[in-house]
1. Please indicate, with yes or no, whether at least one residue in segment 74-84 is surrounded by fewer than 19 Cβ atoms within 10 Å (Cβ to Cβ) and aliphatic (A, V, I, L, M).
2. Which of the residues that make up segment 199-231 are in a loop (DSSP other than H, G, I, E, B) and either without any contact (Cβ under 8 Å) to a residue 40 or more places away in the chain or over 16 Å from TYR140 (Cβ atoms) (or both)?
3. Show the residue pairs that are 6+ apart or on different chains and have beta-carbon atoms under 9 Å apart, the first residue being within segment 67-82 and without any contact (Cβ under 8 Å) to a residue 60 or more places away in the chain, the second being loosely packed, with under 11 Cβ neighbours inside 10 Å and of a type in the set (Gly, Ala, Ser).
4. Would you check if GLY55 is within 20 Å of TYR98 (Cα to Cα) and either modelled with pLDDT under 95 or of a type in the set (Lys, Arg) (or both)?
5. Before we move on, is ALA162 in contact with a Gly (Cβ under 9 Å, 6 or more places away or on another chain), free of Cβ contacts under 8 Å to residues at least 60 places away in the same chain and aliphatic (A, V, I, L, M)?
6. Return the residues of segment 158-198 that are assigned to a loop (DSSP other than H, G, I, E, B) and of a type in the set (A, V, I, L, M); say none if nothing qualifies.
7. Is it true that some residue in segment 232-239 is free of Cβ contacts under 8 Å to residues at least 12 places away in the same chain, among the charged types (D, E, K, R) and surrounded by fewer than 15 Cβ atoms within 10 Å (Cβ to Cβ)?
8. Looking at (1) surrounded by 17 or more Cβ atoms within 10 Å (Cβ to Cβ); (2) under 17 Å from ASP112 (Cβ atoms); (3) of a type outside the set (Phe, Trp, Tyr); (4) within 12 Å of the ligand (Cβ to nearest atom), find the lone condition where VAL166 falls short.
Amino acid sequence: MAKERLDKLLAHEGFGSRKDIRKLLRSCEVLVNGKQIYDPGFAVDAEKDNISVDGEEVNLHKNLYLMMNKPQHYVCSTKEGDHETVFDLLDDSLRTPYLQEKLHLVGRLDMDTEGLLLFTTDGELTHRLISPKSHISKTYLCGLEHAETAEHQAEITKQFEAGIEVGPEDNEQGFTAQPAQITWLNDTTAQLTIYEGKYHQVKRMFAAVGNKIVYLKRISMGQLKLDKELELGKYKELTDKDLELIV
Ligand code: URA
């Protein structure tokens, strides 16, 4: 683990700007492993070192949980390719070496999908939520290319509830989707809840009934709903209450 500047770490922990932290180092007792430090550039190992400010321990190992309203045209990847990644939407204060190594996505959304995307440093939570044994619900708002008649809507609802056969795509084999629930909002818009996360799953489920997704947005995971106040491309830290909705 690369070492990080003390001022950057403290800024990330909410102690203010780097300028504020220079002042803090002069006016407060900031200890690293029990030794008072005045140098804002002092190198700290976030994994091992203990930091305290006026006797209060700074918890550097606290997990971080973020909810983003992902916009279209951003890829869910850490790699710089032809497209910007969702990590490019994060603030500079989240670009510490520690977070660069630990912060990851809880599942992915396609480049043209919007909506609820979770980032965390908590590998255990991620494992629990994305392992094939996890059947956490994911609800999507789906915009369809072709209008569906009431009869065909009822037919699709029945097929999705029974578990529809989904065809292969790219290198992925076909599969039988787990039973899923659909609510029709109008003849081209529906809300679909699925309990797994296979490659292009929602798009492939609608392809299997002869339609095509033209707009897709994830609006909830488990009981956790996308915050309606969160603009596209913005993110916020999850509260403990939010977390209880997905654990
Ligand atoms: N299903 C899809 O087809 N795409 C997504 O991004 C998410 C679910």
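The values are calculated or read from the model by the stated rules, or taken from the named source; none is laboratory data. The structure displayed is predicted, hence computed values, not measured ones. Glycine also receives a Cβ, built like all others from the backbone with ideal geometry; neighbour counts cover every protein chain displayed.
1. Checking segment 74-84: not a single residue is surrounded by fewer than 19 Cβ atoms within 10 Å (Cβ to Cβ) and aliphatic (A, V, I, L, M).
2. Hits for segment 199-231 are TYR199, GLY210, GLN223, ASP227, LYS228, GLU229, LEU230, GLU231.
3. Listed pairs, sorted by first residue: VAL75/GLY81.
4. Against the criterion (within 20 Å of TYR98 (Cα to Cα) and either modelled with pLDDT under 95 or of a type in the set (Lys, Arg) (or both)), GLY55 does not qualify.
5. It is false that ALA162 is in contact with a Gly (Cβ under 9 Å, 6 or more places away or on another chain), free of Cβ contacts under 8 Å to residues at least 60 places away in the same chain and aliphatic (A, V, I, L, M).
6. ILE164, ALA177, ALA180
7. No, the conditions are met nowhere in segment 232-239.
8. Here VAL166 clears every test but (2).
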